[in-house]
1. First measure r as the distance between the Cβ atoms of residue 196 and residue 35, then evaluate 1/(1 + (r/R0)^6) with R0 = 30 Å and state the FRET efficiency to the nearest 0.05.
2. When a/c is below 1.5 the answer is rounded, else prolate if a/b is larger than b/c, else oblate, so apply that to the stretch 142-228 with a ≥ b ≥ c taken from the square roots of the Cα gyration tensor eigenvalues.
3. Using the count of nearby Cβ atoms within 10 Å as a rough guide to exposure, how do 214, 107 rank from fewest to most?
4. Cut-off is 10 Å between beta-carbons; in what order do 225, 29, 66, 23 appear when sorted fewest neighbours first?
5. Output the peptides 177-190, 140-153, 200-213 sorted from most to least packed, where packing is the average of other Cβ atoms within 10 Å over each peptide's residues.
6. Before anything else, pin down the relative contact order of the stretch 80-147: Cα pairs under 8 Å, at least 6 apart, normalised by residue count, whole percent.
7. Which of 127, 94, 163 ends up with the largest GNM mean-square fluctuation for the chain, with Cα atoms connected below 10 Å?
8. Could you tell me the distance between the Cα centroids of the stretch 19-54 and the stretch 151-228, to the nearest Å?
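Just so you know, all these numbers are worked out from the coordinates, no wet-lab data involved. None of these values were measured; they are calculated from a predicted model. Ideal geometry is used to build each Cβ from the backbone, glycine not excepted, and the neighbour counts take in all protein chains shown.
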Ligand SMILES: [Zn+2]
Ligand SMILES: [Zn+2]
């Protein structure tokens, strides 16, 4: 277990958000306090800015973790992985076709460097990923994309939820492979059971807690779902 700082949070893993791409995506640098190792979640682009953040944090990057196959989340994965010699884990196999087409979608958004790739490891529900001395649990949360996964760190009670849930909103389901009912089920059946106290870092916008969203989120608050 980690040490507990004055804020009450365990200090064994730190999270730094780097906002990347024209879609303002939250790439997150996870740092293991005990080993000095790091992992990068969803390096969607702006690879030089991500490398700057790694250098500023003075950590040794080990792995890339991906929540889903949309280009604002995976567009920089191949470039970053090759430059730093990192393995790529995730998302779920069901986003494979999407990743294969990432160069096409990238070009449409002016991201010329988005390159397709095959991850070193596809993830499935119940898997764990690790870097340094840290472990995160993997939940398959389809709905926004078929192969979307969420990473949960039990020790610091933080979840990286990609585009499943946002502060005050939920992921879009009008893209190919999107399914609104499935997304609501992923949120209520996979995320809520982790607990109201969990802080989540979404793919876009500000972090929040599951408890806060269960109270005020206009799409998935308990009172909203009870009336549907
Ligand atoms: Zn997305
Ligand atoms: Zn996104």
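1. On the way: r = 30 Å, r/R0 = 1.01.
E between residue 196 and residue 35, to the nearest 0.05, is 0.50.
2. Values: a/c = 1.63, a/b = 1.15, b/c = 1.41.
Cα axes put the stretch 142-228 in the oblate bin.
3. Lowest count first: 107, 214.
4. Details: 225 14, 29 21, 66 30, 23 17.
Placing the least packed residue first, the sequence is 225, 23, 29, 66.
5. Values: 177-190: 17.4, 140-153: 25.9, 200-213: 19.6.
The packing order, highest mean first, is 140-153, 200-213, 177-190.
6. Values: 81 pairs, mean separation 22.3, N = 68.
Relative CO of the stretch 80-147 lands at 33 percent.
7. Top of the fluctuation ranking is 127.
8. 22 Å
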